[in-house]
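Colleague: What follows is a structure written as structure tokens; I'll ask about it next.
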Ligand SMILES: [Zn+2]
């Protein structure tokens, strides 16, 4: 897994621990097609994730690592799932609800800023 220098820096800054596969105990809880998941400081990638998807997924998950560092693990997951459930109850599909969770919206905004920054 060869990562770009800025991504390696971001991993160091967030003190994230990246693992190249999901832990066995987590697998029964994961929906099909999940590419990566963050638990605390640990970022788990699906085994056999395509090389070009790894960077994108890691950038996404590192935003969650920062959010978790800011809020604490329990508060982050409590707020995250509370929002998801409220959005689902409002009638949104699972995918639409996921995209509207404020922590995911922040991620899309951050990614947008990163893309617009002149290098
Ligand atoms: Zn996310």
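Colleague: So for the range 17-31 (the condition being modelled with pLDDT under 90 and within 14 Å of the chain's Cα centre (by Cα)), does at least one residue qualify?
Modeller: For the range 17-31, residues modelled with pLDDT under 90 and within 14 Å of the chain's Cα centre (by Cα): present.
Colleague: May I pose another question? Can you go through 49, 38 and tell me which one is at pLDDT below 90, out of contact with any strand residue (DSSP E or B) (no Cβ under 7 Å at 6 or more places or on another chain) and surrounded by 10 or more Cβ atoms within 10 Å (Cβ to Cβ)?
Modeller: 49
Colleague: Ok, one more. What pairs can you find where one residue is in the range 92-104 and under 13 Å from residue 81 (Cβ atoms), the other is assigned to a helix (DSSP H, G or I) and more than 8 Å from the ligand (Cβ to nearest atom), and their Cβ atoms are less than 6 Å apart, with a gap of 6+ or different chains?
Modeller: Partner pairs satisfying both residue conditions: 97/84; 97/87; 97/88; 101/83; 101/84; 103/67; 103/80.
The values are calculated or read from the model by the stated rules, or taken from the named source; none is laboratory data. Bear in mind that the values here come from a model prediction, so they are computed numbers and not experimental data. Please note: Cβ atoms are built from the backbone with ideal geometry, for glycine as well, and neighbour counts cover all protein chains shown.
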